[in-house]
Every structure is written in C-alpha cells, then in structure tokens.
Amino acid sequence: SVIAQIVQGILQIIVGMGLLKIALAFCKGGKGEVGQLFSSVHLFFKFLIASLLYGIITLIGTILLVVPGIILGIKLQYFRYFIVEREMGPIESLKASWEITRDTKGNLFLLSLLLGLLNLAGMLALFIGLLITVPVTMIADAHVYCILSKRLDVSARPAAMPGGSQR
C-alpha cells in the first residue's frame, strides 16, 4: 500500500510536468502530444526539491501570518515552468519566479481567485465541468507565465547604448 502510494505520487509529478509542457506548447502555438507527458522524467528530482522548498517557504509564511504565505505562494508559483521549460535548478527557478512576478502580486492574486472560481463552477457541474475548466485554467496559467517570463529575458539582455553599440 505504501509503495503503491509512492509510485502514484511519482507518476503524478511526472505527468504533471508533462501537462505543463503541453500547456506551454499550446501557448506558443504548438500542439500537445501524448509523448510530452513523460518527456520531463529527467527533471523529477529538481522538480521535487523545488516543490518541497516552495511548500516549506509558503508554510513558514502562512505560520507567520496568512498574508505573507499567500504573497510568497503567488511570487514563487511559476518555479514549475522554469524547471520544465528551461531546466533550471530548484533555487534558480524559485529566484526566476520571484523576479518575473515583481509588481504583479495583486493581479496574480485576482487571477488565482478567478481561476479557482472557474474550477469551482466545474465542480458544481457534477465534476464533469472540470474536464473543461481544468485545461482552460492550466493554459491560462501557462499563458501568464509566458508573458511574465519575457521580463526575465529582457532583463538578461544587455541594453543597447546610444549609437547602436552594446555594453
């Protein structure tokens, strides 16, 4: 029973990473393929460690007072995408998520509430609605990541200096 639960947890993480890859593919105009579900197996330990760190950080924030836990959860939520898309390490992915969510906490909080309400509506539709609302919310979340992650790409490039030369 315990071994079956461990195997189930491992498969759930691996398939979850694959679903993130598929959602990213849709956001970039591509197609999702079944083969993508298991294409991130090599990132399992990075993902697991980052997920544990994320859980510990948000738990500590929640223990301090609920609001810091919510803020930390919002600012660090995109670490998963950085691991799956860019194969970043656990700390690096958390830092990247922190960077791209700068000045967007309020909007991301409202988006999370909206997506949560959408999934609640799917549950109220005898859970059958979740077959529609969960993929929609996953793609919406991936789309926001794609928009926000451009901030990191822009800040990593050297700025052009007057006269067309670069620093």
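The values are calculated or read from the model by the stated rules, or taken from the named source; none is laboratory data. Since we're looking at a predicted model, the values are computed, not measured. FYI the Cβ positions are ideal-geometry reconstructions off the backbone, even for glycines, and counts take in every protein chain you see. With ligands, DNA and RNA removed, areas are computed over all heavy atoms of the protein, side chains included. Shrake-Rupley method; radii C 1.70, N 1.55, O 1.52, S 1.80 Å.
What the table below lists for this structure:
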| quantity | calculated |
| --- | --- |
| Reach of LYS21 by Cα under 15 Å, taken over aspartates and glutamates that are not fewer than 8 positions away in the same chain | GLU33, GLU85, GLU87, ASP141 |
| Carbon and sulfur %, accessible surface of region 1-129 computed with the full protein complex present, 1.4 Å | 74 percent |
| Gained length - SER1 relative to LEU117, 0.36 nm times residue gap less alpha-carbon distance | 38.3 nm |
| Gain in span if fully extended, LYS31 to GLN12, counting 0.36 nm per residue against the direct Cα distance | 4.7 nm |
| Percent of Cα-Cα distances greater than 21 Å, calculated over the chain | 56 percent |
| Signed unit charges on C-beta, dipole axis of the chain, positive-most listed residue LEU114, PHE127, GLN12 | LEU114 |
| Among SER93, SER39, SER149: highest mean-square fluctuation, GNM of the chain, C-alpha pairs under 10 Å | SER39 |
| Burial ranking of peptide ranges 63-72, 14-23 (average Cβ count within 10 Å, highest at the top) | 14-23, 63-72 |
| Projected label distance in nm at THR62 and PHE127, using a 7 Å step from Cα toward the beta-carbon | 2.3 nm |
| Set of lysines near LYS105 by C-alpha distance (under 16 Å), chain-local residues within fewer than 8 positions excluded | LYS75, LYS95 |
